[in-house]
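Okay, so here's the structure we're looking at.
Nothing in this text is a laboratory measurement; each read-out follows from the coordinates by a stated rule. Everything numeric here is computed off the predicted structure, so don't read it as measured data. Because the Cβ atoms are built from the backbone with ideal geometry, glycine has one as well, and the counts that use them run over all protein chains shown.
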Amino acid sequence: MNKILLLEDDLLFADTLVDLLEDNGFEVTHSPNGQSALDKTYLQKFDLYLLDINVPLIDGTTLLKELRDSSDNTPAIFLTSHKDKEMLKKSFTSGADDFLTKPFDIDELLLRIKALLKRTKPDTVECIGLLCNDDIHKRILYDKKELDLSKKEYDLLALLMKHTNNTVPKELILDELWSSGEGGSDGALRVYINRIKQLVPQINIENIRGIGYKLVS
């Protein structure tokens, strides 16, 4: 779940925005002033900042510039009533990624949030049908359930998924899975292939005789 920090001093508007964002799957932390927002950035990491500009204590542009100066590159969208070009320029100079003028359409805001998150936080999960490889956490799921794989079983299945519908030569697999000192063999490779087939009988791994193995989607 993506975490959003919302800086907004209009409490009624903030409550409405929090409800809409949470209904769309986001976890939202609200701050009514810039100092409170700054304090919260020290306590936890957020995936996105939604910032009003004219707020008490520390205004939105000053807050964002301070965060950028401290190497905080969290994507940020300004939500403001300002319409003049100078404020637009100041917003982007302070480090904003996007800018929406109030009143705005909530669907447009959601589209901009999702586009920005996708650009700055690319998906690390690659799926082939129901089989998904979460490369960051080194786990593979089938139909959203994590498979109980050893490290070599994970490496083997991830390699086959990377080359789906193409034959992966045995030599390449052995080089990838075993260091020169470990001494991998065709027999050991067959054991791992059979173990994966037992764990996920729904997937099709073909033995291309004398050449290697192929995951068929």
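Please determine, in degrees from 0 to 90 and to the nearest 10, the orientation of helix 186-199 with respect to the longest principal axis defined by the Cα atoms of the chain, where the helix direction is its Cα long axis.
Orientation of helix 186-199: about 60 degrees from the principal axis.
Under 17 Å Cα-Cα from K114, which lysines qualify once same-chain neighbours fewer than 8 residues away are excluded?
K3
Just checking my list (1) 16.9; (2) 18.7; (3) 20.7 against Kirkwood radius over Cα pairs in Å computed from this structure; which label fits?
Read-out taken from this structure: (3).
Charges at C-beta only: +1 for Lys and Arg, -1 for Asp and Glu. How large is the resulting dipole of region 3-120 about its Cα centre, in Debye rounded to 20?
540
Give me the base-10 log of I(q)/I(0) for region 3-120 at each q in 0.15 Å⁻¹, Debye formula, one uniform scatterer per Cα, rounded to two decimals.
One equal scatterer on each Cα of region 3-120 leads to -0.59.
If the elastic network links every pair of Cα atoms under 10 Å, which of K152, K114, K65 fluctuates the most in the Gaussian network model of the chain?
Answer for the Gaussian network model of the chain: K152.
Out of N165, I140, A14, whose Cα points farthest toward the positive end of the dipole of the chain (charges: +1 Lys, Arg; -1 Asp, Glu; placed on Cβ)?
Looking along the dipole axis, the top candidate is N165.
By count of other Cβ within 10 Å, fewest leading, how are F13, F78 ordered?
Numbers: F13 15, F78 26.
Lowest count first: F13, F78.
How much of the DSSP beta bridge set in the chain is antiparallel, as a percent to the nearest 5? If you can, show how the numbers build up before the last one.
Working: 17 of 33 bridges.
In the chain, DSSP labels about 50 percent of beta bridges as antiparallel.
When the chain is modelled as a GNM with alpha-carbon springs shorter than 10 Å, which of Y154, Y192, Y42 fluctuates the most?
Top of the fluctuation ranking is Y42.
Sum -39500 (n - 2.57) across every DSSP H segment of at least 4 residues in the chain, then divide by the residue count to get the 222 nm mean residue ellipticity, nearest 500.
On the way: 8 runs with 91 residues, N = 217.
Using -39500 (n - 2.57) per qualifying helix, the result is -13000 deg cm²/dmol.
Could you list F104, F46 in order of exposure, starting from the residue whose Cβ has the fewest other Cβ atoms within 10 Å?
F104, F46
Would you mind checking K144/K170; K138/K162; K162/K197; K45/K118 for any pair whose Cα atoms are more than 23 angstrom apart?
Too far apart for the 23 Å limit: K144/K170.
Please list, in chain and number order, the residues 5+ apart from R139 or on another chain whose amide H is under 5 Å from its amide H, with Hs placed from the backbone.
For R139, whose amide H was placed from the backbone, the distant partners under 5 Å are D134.
Compare H82, H30, H137 in a GNM of the chain, Cα atoms joined below 10 Å, and give the one with the largest fluctuation.
The residue with the greatest mean-square fluctuation here is H137.
Starting from 0.36 nm per residue, how many nanometres of slack lie between A188 and H163 once their C-alpha separation is accounted for?
Working: separation 25, 0.36 × 25 = 9.00 nm, distance 2.07 nm.
Full extension of this stretch gives 6.9 nm more.
Evaluate the distance, in nm, between pseudo-label points positioned 7 Å from the Cα of V125 and of I106 along their respective Cα→Cβ axes.
Going by the 7 Å Cα→Cβ label model, 2.5 nm.
Sort region 125-216 into rounded, prolate or oblate with this rule: let a ≥ b ≥ c be the square roots of the eigenvalues of the Cα gyration tensor; rounded if a/c is under 1.5, and if a/c is not under 1.5, prolate when a/b is larger than b/c, oblate otherwise.
The shape class here is prolate.
Can you give the angle from 0 to 90° between the axis of helix 60-69 and the longest principal axis of the chain, with both taken from C-alpha atoms, to the nearest 10?
40
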